[in-house]
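Engineer: Next up is a structure, given as structure tokens.
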Amino acid sequence: MNALDLLEERGFLYQVTDADALRRRLGEGPVTFYVGFDPTGSSLHIGHLLPVMAMRWLQRCGHRVLALVGGGTAMVGDPSGKTEARPVLSLDDIDANAVQLQGQLARFLDFSSPEQARLLNNADWLRELRYIDFLRDIGRHFSVNRMLAAESVKIRLESGLSFLEFNYMLLQAYDFYILKRDYGCDLQLGGQDQWGNIVAGADLVRRLLGAEVYGATFPLLLKGDGTKFGKTASGAVWLDATRTTPYEYYQFWRNVDDGDVTRLLGFFTALPMDEVRRLGSLPAPSINRAKEVLAFEATLLAHGDAAARQAYLAAGGEFGFADPEGRIETSSAVTGVGSSEAREAIPTVAVAAAALTEGVPLLRLLVLAGLAQSNGEGRRLIQGGGCYLNDERMTDDKRMVTAADLVGGEIFLRAGKKNRRRVVTEA
């Protein structure tokens, strides 16, 4: 199958500059393509996974990856999809974030040979630009009227757009020119809010090099209820295991809405589409089994086989496994897995034994465990009946947690049905 048809079948495509010409080009031989990631944080999150999975499929079809970390563009800040300017980061923070992002991309893509993939950083050519030369040689090719018409700019004009951010389109377009000139890059991929920047880059390449290049965007990933995908009550779902544990990562996928399963299996697993459609069409309660497959496959890609297995066993040990009909059965009925193995995979927080001897306020423990952002949020959780200590519902927001609450040297906290923490003591 042509790589473009594969991406289309799996739901990755939203816009393409010239679909017929790109399809022909992808059928003629390996194509070098790129996707950019600005290192505005120290970790990628689920919102970044759609382009990463598309890159993975294109690479599997024999095409060459340029994974571009935006160590230069991050100094400006992309206004796309933002209602206000991003915080200005120091160069040290940007560079440290870039290193982290490069390592995470390597989990999904094969960088064993430059002919398969390269990791690049646009800081190498953007930070040394001479401003007047750049305006004269590159800026003269851009129409301010066309830039103002770009969706990413129009939205921000209402709330305020700095001149710094207004330059972002020029820099991203310049990236495409450099990557075509130096690496033979013929295709840029990005989110649908990047369309104006991608088209501007293709136009700049045509003007400066007389070459035809292509662009494609991915759809905005929303949940069935129209809200943004990849967010939970506690914030973003990160690929960094220290910020979102493999167990929490697994649970995120396991708890998606029934109506989203087919789409997410197509995006975030390597399963054939016939199997995707079969699993996604299962009625309730059989759809529970499809969700386990989705959660396991997604966790496998992000964190490896051992972490995915442990997360699967831990979640099943806590909440039960779906049998072939989708019914939930306890772990002992399905696998006989010991409860200790399941417990160890649950996110764990340590508190001083001396503190428990004196007593720790339940509200403080909820915050320490990451089950509440603040004492106020913890208080609302308790008052709403969603806080459990060792599976006992808590009703007193002034409750003190002491050593008497330890069961086998552990305390279990739970927010809602499935957001659980294990509390252990340390000297």
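No value in this document is a laboratory result; all are computed from the given coordinates. For clarity, every value in this text was computed on a predicted model and none was experimentally measured. Cβ coordinates were reconstructed from backbone atoms using ideal geometry, including for glycine residues, and neighbour counts include every protein chain displayed.
Engineer: Quick check on region 348-426: take the gyration tensor over C-alpha atoms, sort the square-rooted eigenvalues as a ≥ b ≥ c, and tell me if it's rounded (a/c under 1.5), prolate or oblate. Each step should come with its number before you reach the end.
Structural biologist: Details: a/c = 1.62, a/b = 1.45, b/c = 1.12.
Prolate, because a/c is 1.5 or more and a/b exceeds b/c.
Engineer: Restricting to bridges with both residues inside region 348-426, how much of the DSSP beta-bridge set is antiparallel, in percent to the nearest 5? Don't jump to the answer; show the numbers that get you there.
Structural biologist: Numbers: 14 of 19 bridges.
Once the DSSP bridges in region 348-426 are tallied, antiparallel ones form about 75 percent.
Engineer: Report the Cα centroid-to-centroid distance between region 2-59 and region 159-178 in angstrom, as an integer.
Structural biologist: 22
Engineer: Now for a different question. Among C61, C387, rank each residue by its count of other Cβ atoms within 10 Å, from fewest to most, as a rough exposure measure.
Structural biologist: Details: C61 16, C387 27.
In order of increasing Cβ crowding within 10 Å: C61, C387.
Engineer: Please give the residues of region 42-62, grouped as numeric ranges, whose backbone N is less than 11 Å from a label point set 7 Å along the Cα-to-Cβ vector of D93.
Structural biologist: Within reach of a label on D93, which here means backbone N under 11 Å from a point 7 Å along Cα→Cβ, region 42-62 contributes 42.
Engineer: Shifting gears a bit: Placing unit charges on C-beta atoms (Lys and Arg positive, Asp and Glu negative, everything else neutral), compute the dipole magnitude of the chain about its Cα centre in debye, rounded to 20.
Structural biologist: Details: 47 positive and 53 negative charges, 103 e Å.
I would put it at about 500 debye.
Engineer: Okay, next question. Report, to the nearest 10°, how far helix 168-183 tilts away from the longest principal axis of the Cα atoms in the chain, using its own Cα long axis and a range of 0 to 90°.
Structural biologist: Helix 168-183 and the main axis of the chain meet at about 70 degrees.
Engineer: Sticking with this one: Take the alpha carbon gyration tensor of region 3-218, find the square roots of its eigenvalues, order them as a ≥ b ≥ c, and report rounded if a/c is under 1.5; if not, report prolate when a/b exceeds b/c, else oblate.
Structural biologist: It is rounded, given that a/c, with a ≥ b ≥ c, falls under 1.5.
Engineer: Does region 251-324 come out rounded, prolate or oblate by the C-alpha gyration tensor, with a ≥ b ≥ c the root eigenvalues, rounded set by a/c under 1.5 and, if not, prolate when a/b is larger than b/c and oblate if not? It would help to have the intermediate numbers written out before the result.
Structural biologist: Working: a/c = 1.99, a/b = 1.22, b/c = 1.62.
Oblate, since a/c reaches 1.5 and b/c is not below a/b.
Engineer: Turning to a different aspect of this structure: So what's the angle, to the nearest 10 degrees on a 0 to 90 scale, between helix 91-108 and the longest Cα principal axis of the chain?
Structural biologist: Relative to the chain, helix 91-108 is tipped by roughly 80 degrees.
Engineer: So, one more: Between V407 and L271, what's the calculated FRET efficiency when r is the beta-carbon distance and R0 is 41 Å? Round to 0.05. Before the final figure, lay out the partial values.
Structural biologist: Details: r = 40 Å, r/R0 = 0.98.
The value I calculate is 0.55.
Engineer: While we're here: What 222 nm value per residue comes from the helices of the chain, counting each DSSP H run with n ≥ 4 as -39,500 (n - 2.57) and dividing by all residues, nearest 500 deg cm²/dmol?
Structural biologist: Counting only the DSSP helices, I get -13500 deg cm²/dmol.
Engineer: So, one more: If you plug each phi of region 240-247 into the Karplus form 6.51 cos²θ - 1.76 cosθ + 1.60 with θ = phi - 60°, what whole-Hz ³J(HN,Hα) values come out, in order, with x for Gly and Pro?
Structural biologist: After applying 6.51 cos²θ - 1.76 cosθ + 1.60, I find 6, 5, 7, 9, 10, 5, x, 5 Hz.
Engineer: Relative to the longest principal axis of the chain, what angle (0 to 90°, nearest 10) does the C-alpha long axis of helix 19-28 take?
Structural biologist: That works out to roughly 90 degrees.
Engineer: Rounded to the nearest 5, what % of DSSP beta bridges with both residues in region 3-218 are antiparallel?
Structural biologist: On the way: 2 of 21 bridges.
Given both bridge residues lie in region 3-218, the antiparallel proportion sits at roughly 10 percent.
Engineer: Rounded to the nearest 5, what is the percent of antiparallel bridges among the DSSP beta bridges in the chain? Walk me through the intermediate numbers first.
Structural biologist: Details: 22 of 46 bridges.
Among the beta bridges of the chain, antiparallel pairing accounts for roughly 50 percent.
Engineer: Rank the residues L363, L239 as a footprinting-exposure proxy: fewest other Cβ atoms within 10 Å of their Cβ go first.
Structural biologist: Values: L363 22, L239 25.
With the fewest neighbours first, L363, L239 line up as L363, L239.
Engineer: For a quick check: sort L221, L209, L22 by the number of other beta carbons within 10 angstrom, fewest at the front.
Structural biologist: Numbers: L221 19, L209 12, L22 22.
The fewest-first ordering by Cβ neighbours comes to L209, L221, L22.
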